[in-house]
Each structure stands twice: as C-alpha cells, then as structure tokens.
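Here is the structure we will look at, set down as structure tokens.
The values are calculated or read from the model by the stated rules, or taken from the named source; none is laboratory data. Note that the structure is predicted; figures quoted are calculated from it, not measured. We place every Cβ from the backbone using ideal geometry, glycine too, and count neighbours over all the protein chains shown. Keep in mind that these areas ignore ligands, DNA and RNA; they rest on the heavy atoms of the full protein, side chains included. Shrake-Rupley method; radii C 1.70, N 1.55, O 1.52, S 1.80 Å.
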Amino acid sequence: MGSEDTEPEVPVDAVGRRVFCGGERATVRYVGPVPPTSGLWLGVEWDNPERGKHDGSHSGVQYFTCSHPKGGSFVRPAKATFGVDLLTAVQQEYLINPEKVLSEDISVSCKKVNWKGVTERSFQDLPSVVLNSSEVNGPGAAGDIRKTLPNIRWLDLSGTLLSSWEDVAAITEQLDKLEGLQLHRNRLTLPSEPSVHTQAFCNLKLLALNQCRLTWPQILECAIMWPQVEELFLEENNITELQRPETVLQTLKSLSLVNNPLVEDSLLSLSALPRLENLNLSGTGISVIRFEDAAPGEQTVMFPALSILNLTNNNISEWFVVDELAKLSSLVKLSCKGNRLVSSDRNLKTARQMVIAKLAQLDILDNCSITSEERRGAELDYIKMFGEEWLKAGGPGQPNADFIKQHPRYQKLIDKYGAPEESELKKPQPSTLKNQLIKITFVFPSDPDRKPIEKKLPASMDVLKVKGLLYRTLKVPAADLQLSYKTPKKPEVEFEINNDQKTLQFFSVEDGDQVLVRWS
C-alpha cells in the first residue's frame, strides 16, 4: 500500500459500484481508512482474481470479503474511474469514430445481427449502439436517452461499469424499440423487486448474458423482467443444477448454456418449455439423456418444439443416447462432434452413418446436410452391420426385447428396404487390402460397342480416382463423366454417384455391382 494521493470526490454510494482501474474492472467493497496509512482507500474485488493480492484483510483486520482468497486489493480513489453515463459514452465513441454509425458489425455468440437502413450519421437514426468494454455506469439525466436515441433496436453494453439491474432498466425503459440487449462480462446485483422492471424490457426478444457469473436460480428470479424474450445466451456462467421455469421463459425459442457445468439429471427441467426450438448444450459435461416417458421407438412429450440440438464436446459414449434422441419428433438438426461415440471399426464415417440410420427425422448432422443418397447408404449399411445380431435375436419373426431396445429403428428399416440376405451381412474381417477390394463391372451406355470392363477396386477409393482410371481407357476428362450403378438385387433401379469427393463405400457400391459410365 502506497502513500496518499490527491483525493478526488468519491460517490456516496460507492460501495457496490463498479470501477475501472489499471486496465482491469472491479467492484468496490469498502470505502474508508486503512491504518496505519492516512487518507481514503477503496477496497475492491477484481473481476480477474489474479489481479488481486488478498481476501480483503490488512494487518489482521477484515475490511471486506472476496469470493476468491486473492481477489482483493486496496487502491487510492485517484486511480479508479467510476465511469460516465450512456450518452456521454455514445458521444465519446461515435463522435471520435463517426464511421461506426454506418459500419457497425454486431455479433452475439457467433450469430450475426444485421441492421440496415441507416442513411445519415445522426444519433436519432441509429438502430444500434455498441459500447463493448466502455465505462458506462448508468443512464444520466432522466429522459435524455429517449430524446437522443429514439430508434435503438440493439444495444451492446458488455464489459461496462454498470452495477445493477436497476441501472440497466433505467436505460432500457427509455428505449421503446429495443429488441436485442447484450450484457456479457458484467457483474450486476439482482433487483430487489424484479417485477417492477417488466416494462423496461417489454419488447426485448434477445438477451445475451455470457460470463456474468450467474446461477440458474438467479436467472429464474430475473426472468420475470423479460416477458417476451425468445433468445437467451447464458454461456460460461455458474449454472449447474437446473430448476423448472414454472411461470417464466415461456416465450423462449433459443437457449444457449455452452460451457456451464450442468448437473445432467436436471436437464429435463427445461423439457416443458413449450416453444423451445434451439438448445445449445455444448461443453456442459453431460453424458446421458433419457426420456423415460416413452418406450424405444416411440415419441416423448418432452421438448415438444425442439428442432435444433447442439451436444458437441461432451462425454457421451453410449449409443442408446442417440436412440433416446430419436424420441424427439421435431429434431431435424443435431451437432455431436467431440464426444466418445465410436463404431466397432472405430471409423468416424461409420459412426456418422449410425447416427443417421438411428435418427429418421434428421436433416443436418454436424452442420452437414444429409442427402437422400447418404441416408439410403447409411440405412442399408446399418441393416448389414447388425444383420447377424438381428437373425440371432429372432430375425424375421419377432426379435427379442434386448435387440429392440438397442436397435429400435431396425424393423422399420427392414420394412423399408427388405430383410438382408446372408451374403450381405457385414462380418468382421481382417483389415487387409484383399478384404477391402470389390469387383465392379463398368459398362458404357454412351458407347454401346465398347465391351464391359471388370476391375477389382478398394471400397475406400474416391469417385474422382475412379474417373481418373477411366480416363486412361476412354480419354474422356473426369469432369465430363457421369457415373451411376445397379445392384444384382435390384437391377431395375439405377443409383446416382454424384459426388467426386466421396468413396465407393459411401454410395454403398459393393462386390458384383455394375457401374454405368456416361459422357456427353
């Protein structure tokens, strides 16, 4: 602790206020003397505890407490900034850099928000204001924001010096058109009466509160203030156990809980939200999801509107979890990379095929659209992969309960494609080149006089290399070749081979198939 500097005026309500000091943000926990030194000190708790020195004590006296044992310091008032009101910050930011009015680039957790139609560099025409990491501490004079910024629809006040939800409400109640509010990295005290601030957020559709050290009970306590919120970002907070939102968040369509250490047994507390369409649980540590209200192959009443689910970077290792997801009738987009779902051959492509085969309703997996050809190939391979188990479990009659539990969609696939024949069943084989070769007969409808060519090729060969081999014989550029194939089982059906980057195995081309080669 150093000597006394010239003391500036300290706000009478300084305790609890936010300050900026030495490039870091902190909350004032104490104002007063710290003997044996003279003069006034601010006891602060740093947002970044590594900036601190102690727990709020000095020479055996506890002046304030911190959540981290080394998160506190004493600083002179002259070294701390208490910030400025919103309009002062807007003038400082936008008058210094007027081009921001026309070139604002807004993003919320990787989601772009575009506002168009700004034609003049006028505060009254601004549809958005971004004051990320500014020193905003409150609204300023009553009514000034409403007069100066009447058309604001989007406001970013991330990492500011706002201290409480009352401060935020005092700003937003003057922004009648506000639809989106971003408050990342703030430390806001909870309101004593949240319901009195409902009008301040009455038109709010999107709210982003990442890295605000919030718990789920605190979210539920505040949620009454956001009666129309549809998108809620709560990434990297202190959310663990979820409780059911009984009367709040009923309008919610999108919820992001990325990187919160969730108690997975509490996940179903969200399942009754009637409009929830998009749920991001990436990095939450979950390993299991169960919908015990529905038997294998049936549909759950939980998450009735859920169509997009992100489960990336978790601890899911059991395939029954995918079967549980099949109970979600509205699910069309799933992300599940970064888990421990592996197939018996430990091939990532096989694992993708298994997910596709198990989830009939899925259109997009890991941000890649599922084509009709990919789905067909995945489902046929799934039939062959587990055909022997199916036969041992009872086969065409009635498979036993254990098989149905592990493969609830298998019988529907049999109904769709027909039962597998013994010769089609996939059996574990040594991974040698001989076992990977398939015999293909090439025929040439574009040149009827040309004799068919028979070749043995690796099933893992991509289509572009196949076309390269054909070029040596036909002297026709690969770009001009169109391939399709027929199987002995269904010779009347011709299947397209329409992606040069995929393998023969991807299109389910097998030993004994006939590949048709055409060119213009």
In whole Hz, the Karplus estimates of ³J(HN,Hα) for segment 449-454 (6.51, -1.76, 1.60; θ = phi - 60°; x where Gly or Pro) are 7, 6, 6, x, 10, 9
A 1.4 Å probe over the protein heavy atoms gives the chain a carbon and sulfur accessible-area percentage of 48
Under the rule rounded for a/c under 1.5, else prolate if a/b exceeds b/c, else oblate, using alpha carbon gyration tensor axes a ≥ b ≥ c, segment 336-393 is classed as oblate
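Given a 1.4 Å probe, how much area per residue of the chain is accessible, in Å²? Could the numbers behind the result be given before it?
Details: 25410 Å² over 520 residues.
Dividing the accessible area of the chain by its residue count gives 49 Å².
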Taking a ≥ b ≥ c as the square roots of the Cα gyration tensor eigenvalues, with a/c under 1.5 meaning rounded and otherwise prolate when a/b beats b/c or oblate if not, the chain comes out prolate
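In segment 125-258, how does Rg compare with the Kirkwood Rh, expressed as the Rg/Rh ratio over alpha carbon atoms?
Working: Rg = 13.9 Å, Rh = 14.9 Å.
Across segment 125-258, the Cα-based Rg/Rh ratio is 0.94.
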Per the C-alpha gyration tensor (a ≥ b ≥ c, the square roots of its eigenvalues), segment 201-250 is rounded if a/c is under 1.5, else prolate if a/b beats b/c, else oblate; here it's oblate
In whole angstrom, the spacing between the Cα centers of segment 22-61 and segment 307-321 equals 45
Lys and Arg at +1, Asp and Glu at -1: neighbours of residue 19 with Cβ under 12 Å from its Cβ sum to +3
